[in-house]
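Q: What follows is a single structure, and I will ask about it in a moment.
The values are calculated or read from the model by the stated rules, or taken from the named source; none is laboratory data. Nothing here was measured: the structure is a model prediction, and the numbers come from that model. Accessible surface is based on the protein model in full, side chains and every heavy atom, while ligands, DNA and RNA are left aside. Shrake-Rupley method; radii C 1.70, N 1.55, O 1.52, S 1.80 Å.
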Amino acid sequence: MPVRSRPLLFALVALLGAVPGARALTIDEVNQLYFEGPGGFGFEGQAVSDAGLAISFGATADDEWLEAGHVSFGLDIEITQVLGTVHQDPQAGGGVPDEDDPFIADSSWTVRNASGGTLIAPLLVFTSVDPGDSYPEVQAGLDANLLRILEYSFAGVDYLFGVVVLPDLEDGESVDIDVRYVVADPLVQGVSRGSGSSTTTATMPPLGVSVLASYRAIPEPSSAVLALCAGAALVVSTRRWRWPRS
C-alpha cells in the first residue's frame, strides 16, 4: 500500500486511573473498532457496519498523502501526545485486558502543519497498529464514536480507515484533538526511573497515521435519499408546469 505512515508510541502511567474531574467511561459507552481489516490495515467492513457508521470519504493513491508522526521525526505533519483520562485498566488490578474488559484511555493530540503550505480540511487517517520490533502484536483499536470512515481503494481492495476531520491549517498552525484507545490485550509494561524513585508504566501500541490533503466527500445515505427526492420533486414540478397561453 503506498500510504506512508509512521508509528506513534505513547508511554503513560497506567496506575493513574481517571483524571480528577473527568467521568470514566465503561465498555458499554465505547464503540470499539479494532484494526482487523485486510492485511491488518483499517477496519473490517462488517465491524464498521455493526458500529453504525457509513462511509463519509473516498480516496486513492493518486490523492495527496502527507507523512505524519511524532514531532521528533521532522515530517510534514508533526504530532505530540498527552495522556488524558484512563477510563479502565484491567492490568492495574491484576487482570488481563480482553474484548469484554479492554484497556480504554484518552489521549490529547496536537497536530501541527509543517508541510510548508495551507491544508484545507485535511483528514488525519489512522491506518493500522504498527508495533514494529519493539512491541508485540496486540488487538488494538479506537473508539468509533470519535471517528468518521474513509474508503481507500488500491489494487482492487477497498480499505476502511478511521479519520478525524481537521480544520483548515496554515503552515505552522496546529489543532488539538481527542483520540480514544481501546486495547484488548496486555500492554507492554516498563519502569521509569528518576529522582531516586521508580514508576510502573504501560506503553500504548504504536499507531500508523497519515494526513490526507485531497479526497472526495461521500453523502450520507439519508442525505442522498433527500437529494434524490428533491430532484424527483423538481422533475415532477417541471413536468406539470405550463407557460400561460396567450
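Q: To the nearest 10 square angstrom, what accessible area does residue 154 show with a 1.4 Å probe?
A: Its accessible surface works out to 70 Å², give or take rounding.
Q: Give me the 1.4 Å probe accessible area per residue for segment 56-128, excluding ligands and nucleic acids, in Å².
A: Accessible area per residue, segment 56-128: 37 Å².
Q: Further question on the same structure: Report the per residue volume, in Å³, of the convex hull enclosing the C-alpha atoms of segment 77-163.
A: Given the Cα convex hull of segment 77-163, per-residue volume reads 169 Å³.
Q: If I compute solvent accessible area with a 1.4 Å probe over the protein chains, what percent of it on segment 71-205 is carbon and sulfur?
A: It is 44 percent, rounded to a whole number.
Q: So, one more: How much accessible surface does residue 215 have with a 1.4 Å probe, in Å² rounded to 10?
A: Number for this one is 60 Å².
Q: From the convex hull of the Cα coordinates of segment 23-146, what is the mean projected area in square nanometres?
A: Taking a quarter of the hull surface, the average projection is 9.7 nm².
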